[in-house]
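The values are calculated or read from the model by the stated rules, or taken from the named source; none is laboratory data. These numbers come from a predicted model, not from an experiment. All Cβ positions, even for glycine, are placed from backbone atoms using ideal geometry, and neighbour counts span all protein chains on display.
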Amino acid sequence: MSQAGARQDALTGCGPFSVSYVDAALHDELAQDPHTLALIGFKQTASAGPAGGSAFDTGLPQINGDPVCEYWRSPAPVERLESEGFRITRTPEVMFASRLMPEGADIAADTRAVYGAILQLLETSGYPHLLRVWNYFPHINAVEDGTERYQAFCVGRHQALSVLGTFESSLPAASALGSQGGGLQIYFLAARSPGVQIENPRQVSAFRYPERYSPRSPSFSRATLKHWDDCTHLYISGTASIVGHESVHDDPLTQLHETLENIAALIGNAHDTEGLGIRQLDELSKLKVYLRNPTHADVVRRAMEARLGDSVPTVFLHGDVCRSELLLEIEGLYTGPHP
Ligand code: 3EB
């Protein structure tokens, strides 16, 4: 995307921050900008970024297209601090935080520790409502001590979050992907006031999946809708080719179309039940496509363009989906006027 396009993109957002994919050449300049809530790079290895800053790199490299970084910009200058091992940026309305934990011996224990720290931070910071979380760690489908690492991650997350009395009704939207390297990286958005949890009529809620997918169910909602004065944001979780609770199809294109059906159904549900101002995929503001196999990028990109046109900025990342039969996962963002 061109620099002008990126700047224009940022200006068209609304609410306490806007998100755009900007030319990676602007990284160092934006990292210094007092309005930068987050600046996310897509590299082979995760890194926490310089102390006192809001830039960090995920271990999910970009697959094709001009190199970009993901730029979260606040209209108001942000405050920066560190607490509980997190790099934190905040405005009067939102808190963004990221943490990278070096690869340890026990992914369940590490996840439990990071989520315990998140809850601590939410409680003490004055931003108690978790809206959206990203979880990235290497070898997500590898089996360790008889348990797949994704399932062990789910156990640790569930153990930490289930102390909340209102557990199921307060779960954030999320993505969980295997990275190419660098440890357990978690970043999140929290707010002073709660969002609205949206589930998907085509899918069993992940927090109610049967036990065979994980000894403790995946603790996330399908999306979070958040109203900010005259602006609405919809944070759509990583979505895959799952109908009910079963994975369906074994080729990338059919999985893509099922995944897009799922996202369309979610948007429709948010429209019908909460008055979301859009009802179609091509009205979304941003998409992120995670591919297990980078060689699928061209065929997936062409199929997406055929279905959505080219109006939704989309980045393609190399990431392993949490069930080994799933080839892709797609997350999305909508920002627009409160209807
Ligand atoms: C799914 O629908 C696909 O464990 O946080 C998507 C988004 C998926 C988030 C998570 C998992 C997670 O179950 C996988």
Next on the checklist: Given the criteria touching a strand residue (DSSP E or B) at 6+ places or on another chain (Cβ under 8 Å) and surrounded by fewer than 21 Cβ atoms within 10 Å (Cβ to Cβ), does Ser193 qualify?
Outcome noted: yes
Checklist entry - Can Arg307 be described as basic (Lys, Arg), part of a helix (DSSP H, G or I) and within 20 Å of Ile242 (Cβ to Cβ)? => result yes
Checklist outcome for this item: For Thr166, the lone unmet condition from (1) polar (S, T, N, Q); (2) buried (at least 20 other Cβ atoms within 10 Å of the Cβ); (3) assigned to a loop (DSSP other than H, G, I, E, B) is (2)
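Please work out if Met101 is buried (at least 22 other Cβ atoms within 10 Å of the Cβ) and away from the ligand (no atom under 16 Å from the Cβ).
no
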Checklist entry - Would you pick out the residues in the stretch 163-207 that are of a type in the set (A, V, I, L, M), within 19 Å of the chain's Cα centre (by Cα) and closer than 25 Å to Gly85 by Cβ? => result Leu171, Ala173, Ala174, Ala176, Leu177, Leu184, Ile186, Leu189, Ala190, Ala191
Item to check | Verdict on Ser175 being hydroxyl-bearing (Ser, Thr, Tyr) and either within 11 Å of the ligand (Cβ to nearest atom) or in contact with a strand residue (DSSP E or B) (Cβ under 8 Å, 6 or more places away or on another chain) (or both) | outcome: yes
Next on the checklist: Please determine whether any residue of the stretch 275-287 is out of contact with any helix residue (DSSP H, G or I) (no Cβ under 9 Å at 6 or more places or on another chain), surrounded by fewer than 18 Cβ atoms within 10 Å (Cβ to Cβ) and either farther than 22 Å from Tyr21 by Cβ or not aromatic (Phe, Trp, Tyr) (or both).
Outcome noted: yes
Checklist outcome for this item: Here the qualifying pairs (Cβ atoms under 9 Å; residues six or more apart or on different chains; first in the stretch 293-307 and at pLDDT 95 or above; second assigned to a helix (DSSP H, G or I) and surrounded by fewer than 17 Cβ atoms within 10 Å (Cβ to Cβ)) come out as His296/Leu253; Val299/Leu253; Val300/Leu253; Ala303/Leu253; Ala303/His257; Arg307/His257; Arg307/Asp282
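Yes/no matrix, rows are residues, columns are (1) away from the ligand (no atom under 16 Å from the Cβ); (2) of a type outside the set (D, E, K, R); (3) more than 30 Å from Trp228 (Cα to Cα):
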residue	(1), (2), (3)
Arg302	yes, no, yes
Thr314	yes, yes, no
Leu317	no, yes, no
Cys322	no, yes, yes
Glu331	no, no, no
Tyr334	yes, yes, no
Next on the checklist: Can you pull out every residue in the stretch 287-300 that is within 16 Å of the ligand (Cβ to nearest atom) and of a type in the set (D, E, K, R)?
Outcome noted: Lys288, Arg292
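Each row is one residue, and each column tells you yes or no for (1) crowded, with 22+ Cβ neighbours inside 10 Å; (2) closer than 27 Å to Ser324 by Cβ; (3) over 20 Å from the mean Cα position of the chain (by Cα).
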| site | (1), (2), (3) |
| --- | --- |
| Ile242 | yes, yes, no |
| Glu246 | no, yes, yes |
| Glu258 | no, yes, no |
| Ile267 | yes, no, no |
| Thr273 | no, no, yes |
| Pro294 | no, yes, no |
| Ala297 | no, yes, no |
